Every structure is written in structure tokens, then in C-alpha cells.
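Throughout, read-outs are computed from the coordinates displayed, never taken from laboratory work. Keep in mind it's a predicted model, so treat the numbers as computed, not measured. Here the Cβ is made from the backbone with ideal geometry for all residues, glycine too, and neighbour counts use every protein chain on show.
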Amino acid sequence: MNTKKFLLPESELPTHWYNVVADLPNRPLPPLNPQTKEPITPQELEAILPPELIKQELSTERYIEIPEPVREKYRIYRPSPLIRAFELEKALKTDCKIYYKYEGQSPSGSHKPNTAIAQAYFNKIAGTRKITTETGAGQWGTALSYACAQFDIECEVYMVRVSYDQKPYRKILMNTFGATVYPSPSERTQSGRNFLKQNPQTNGTLGMAISEAIEMAVQSEDTKYSLGSVLNHTLLHQTIIGQEALKQMDLAQDYPDVVIAPLGGGSNFAGLAFPFLRENLTQKKNTRFVAVEPASCPKLTQGKFMYDFGDTQGFTPLLPMYTLGHNFEPSAIHAGGLRYHGASVLCSQLLRDQLIEAKAVDQIECFEAGTLFAKTEGIIPAPESNHAIAQVLREVQNARLEGQSKTILFNLSGHGFVDMMAYSDYQNGKLSTHTLDPKTLETSLAEIQALQPPALV
Ligand SMILES: *Cc1c(COP(=O)(O)O)cnc(C)c1O
């Protein structure tokens, strides 16, 4: 009998997150204070983050224990299943073995509660009364709304306007969990009013929404800000995915030749990949890691490694990362979770050191792949996850050309039940191919040249 699902009992839930910083051949450059261009101090983060998250953000310890109250919430939906995609394999007539880790069974339908729960918990024990945040497609906002409800914290969400309009059900989900949701840019903040003045018709971006959320958070002592991706601690919390997947690949008596995940800021990619990367770095394993981004927002494949702000207004520290420039406005693609101008510092460093690879895929190829997956495996993937599936199909094709059979593991980071308009647009031929105008990119990268510290220029 061919086992399809590799399930772990709750008692096998990993007890620690894995911090890849401990095993990196090259530590990332430090985040900088934009005024002084000096490395930021923990104190400078206190206005927006609670102490435990600041500690994790800067930690170099290999393993960080998951507090029992967080594990208790994780057990509502974790360990998540690892599934062998037999039906997809059959449809592709391939010898490759395809496995996926399914993160869509969480309360909000994606991997995001893995860090939302942890962040809400560390805020709760620090006495935070309210958390502000941004959301793109609404996955992060939903996850944080749910987590805040679990720990009785108020939640205020700035939602990128184009998604607010494209995905009304996401707003209702967040409201159901008790959060307040505003389309961003909004009139509520100084930064929002600035963005609207510059361009009243703007679609909004994650960068703008982050600025609004931070501006609200720094105004009161008991309000903190929470980011759904990019920062080290968000990647850390997601490693629960890969820690489980390692055990599950063991159950399957198999091991991946290639690990694939979509990349917006890098959290679900890191979550699945980093524990396997540890095996490369410490156990001489030889897995490839492929991060997949949209062709319309290709920071890893067409961006530059530079210091840049994480938000549009310039409230965050300067981060050393692959970026398209914080003023870059990606087209209004449906994979809202991937419309971010930069990639996390850790993923950027790994790409620089060629320990991971990056690919860009157009949205039509993504929806073709996602539709095949839905027909064969029965799960309708989130538009973001379709990027990983498109790359899986490319890997299968390459393996065929090379006459090889490969073991492929990818992250099905979420389901697409609240993204039906995206599928409808695809089916009705309303999606267009978006590429990047080199002039636009050149301009937005030129705008951040002045931010570089002397040593990097
Ligand atoms: C947010 C999101 C992503 C992208 O964010 P990362 O931080 O790069 O993981 C991918 N897939 C889904 C389903 C998402 O909600």
C-alpha cells in the first residue's frame, strides 16, 4: 500500500524553533539606524516590539524553545500533514516523487498563524493591549486577528487598498475574529495622507501599509506593531514547518533533492527550507532550495542587494536585502502576499552566498499549475502557493530532460478558498502577463542609493 499522508501525533510537535543564523557561513550585515547609519540597538526597537521578540530578532542561538502556551495553540492545527502528491505525479506521467507540506489547515488557511500566535503570546506577556499591522491579500491580517482573539488583544489592520477591493471576504474574516480593518493608504495617519496626496489613485502597497501601522503603534506605550514576514523572528517561528517535515520525510523513508516554496518576504520559504538547510550545512546533505517569486515583483532575480527601508515612509531600520526599492509599486497581481519590494535579510544573505536559488514565474503560468493541482490533488491553492507549484512542474520537466527521477518537496503555504475572484479572472482570460519595466526599476533603485552606508558604496 502506498502511504499518501504522513501524519505526526500531537506529542511529536517540535519543542524548538531553529535559528539558521547559528549555522550560517556568513552572518548577515546588521540593520542600521537610518540617521546615523550605525547598527541599531535593541532599545531602538522597543517602541514597536516586545522584549522577547527583540531578543529573538537579534539572537544567534541555534534553538529557541517554543513556550508551552504557544505549543498549546499550535496543537489546534499542528502538526500539519505531509502529503505525497500521487495524483499529480500520475497526471504528469513522471518518475519524480512529489511531496507537499500543507499549511492550509490552520484557522486562517495559511502558514501565517505559526508566527501570529507566537507574536501575540510574547506581546501578551509583555502587557501589550493592542497590536497594529499591515496586510496584503489578507492572509496575515486574518492570522493575526485570530491570534489576538486567542490572547485577548485588540487588533488593528491596514489592508492594501487593491486587496481590500479585490478580496472583501478577507475583511469579513478579520472582523469576525474581532479586528478593525482600514484600507491603506488611509486618512487616519500622516503617512497615509502623504501617500494619498502623492497619488490619490494608488493601489496601495505593503510598504505603505507598514508605515501606517508603525505610525499608529509608536504613538502609545501599550500598542505594539507586528510584521507577518521579513524580520528574523517571523522566519524563526515558521521553522516549525521544516522541523515537522524532516520527521515526516523520515516516516516516508525519503529525502528531498529539492525544496521549493513561494517567497513574499521569505517566511514560509525559510520555515520549510531552513531545517533542511541545516542538514546541508552540518550533515553534508545536498538539497537544493528554490524560492519562487512573481515576475512582476522579482526582488531576488532582478532586484539589487542594498540597504533599504522595510516600509515606504522610512520608519523601519535600514535592512541589507535584495530589494526593488521601497517606492517600487508592483502591479495589482492576485498573489497579494508576494507584492513586497524586498526579501528578508536572512534569505537575501543566503542567496548572496549561493546557498539558495531564486526563480520568477508569471501569474498565468502559476494559475495553470494551480488549476492542475486542484484537479488532481483536490486542494485549491492560494495564488501565492501556485508559484511553488509552477516551479515544481518546471523541475519535473527538467528531470525528464535529464532522464532523472527526483524527490521534490514543496510548501503548499495556504488554500485559495478566499481567492476565488483570482481563479475566476484566470478562467475568464482577465489575467495579464506582467513583466517589469526596466526604467521603473532603475528609477526606484536610484532613489535608495543615498541610503547606503559609506562602506557599501
Ligand atoms: C503571505 C503568504 C505568502 C508569502 O509570504 P512569505 O512571508 O514569503 O511566506 C505565501 N503564501 C501564502 C499563502 C501567504 O499567505
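Figures for the structure shown
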{"item": "Gyration tensor (Cα) of segment 104-241, equivalent ellipsoid semi-axes in angstrom", "result": "23, 17, 13"}
{"item": "Proxy reagent accessibility, fewest Cβ within 10 Å first, across I125, I214", "result": "I125, I214"}
{"item": "Computed label-point distance, nm, for sites S424 and L58 using a 7 Å Cα→Cβ extension", "result": "5.0"}
{"item": "Largest to smallest principal axis extent of the C-alpha atoms in segment 317-442, angstrom", "result": "44, 37, 25"}
{"item": "Karplus 3J(HN,Hα) series, Hz, for segment 280-297 with 6.51 cos²θ - 1.76 cosθ + 1.60 (x for Gly, Pro)", "result": "4, 6, 10, 10, 6, 6, 10, 6, 8, 10, 10, 8, 10, 10, x, 4, 8, 9"}
{"item": "Virtual spin-label span in nm between K375 and T36, 7 Å along Cα→Cβ", "result": "6.0"}
{"item": "Between 0 and 90°, nearest 10: helix 139-150 axis offset from the chain longest Cα axis", "result": "80"}
{"item": "Sorted by Cβ density within 10 Å, fewest first, the residues I172, I380", "result": "I172, I380"}
{"item": "Prolate/oblate/rounded label for segment 1-138 (Cα gyration tensor, a/c 1.5)", "result": "prolate"}
{"item": "The chain: angle of helix 113-125 to the longest principal axis, Cα-based, in degrees nearest 10", "result": "40"}
{"item": "Per-selection Rg to Rh, segment 79-145 - Cα, Kirkwood hydrodynamic radius", "result": "1.20"}
{"item": "Gyration tensor verdict on the chain (Cα atoms; rounded if a/c is under 1.5, prolate if a/b is larger than b/c, oblate otherwise)", "result": "rounded"}
{"item": "Only Lys, Arg (+1) and Asp, Glu (-1) charged, at Cβ; the chain dipole about Cα centre in debye", "result": "660"}
{"item": "Extreme residue, positive dipole direction of segment 199-358, given options A335, Q283, T301 (C-beta unit charges)", "result": "Q283"}
{"item": "Orphan Cys of the chain, criterion: no other Cys C-beta under 4.7 Å", "result": "C96, C297, C347, C366"}
{"item": "Degrees separating the helix 383-401 axis from the principal Cα axis of the chain, which is the longest one", "result": "40"}
{"item": "Angstrom value of the Kirkwood radius, inverse mean 1/r, which spans all Cα pairs in segment 1-62", "result": "15.2"}
{"item": "Cα-derived Rg to Rh of segment 193-327, Kirkwood definition", "result": "1.06"}
{"item": "Stretchable slack from D95 to Q404, in nm (0.36 nm times residue separation minus alpha-carbon distance)", "result": "110.4 nm"}
{"item": "Nitroxide proxy distance, nm - points 7 Å out along Cα→Cβ at Y169 and Q198", "result": "3.4"}
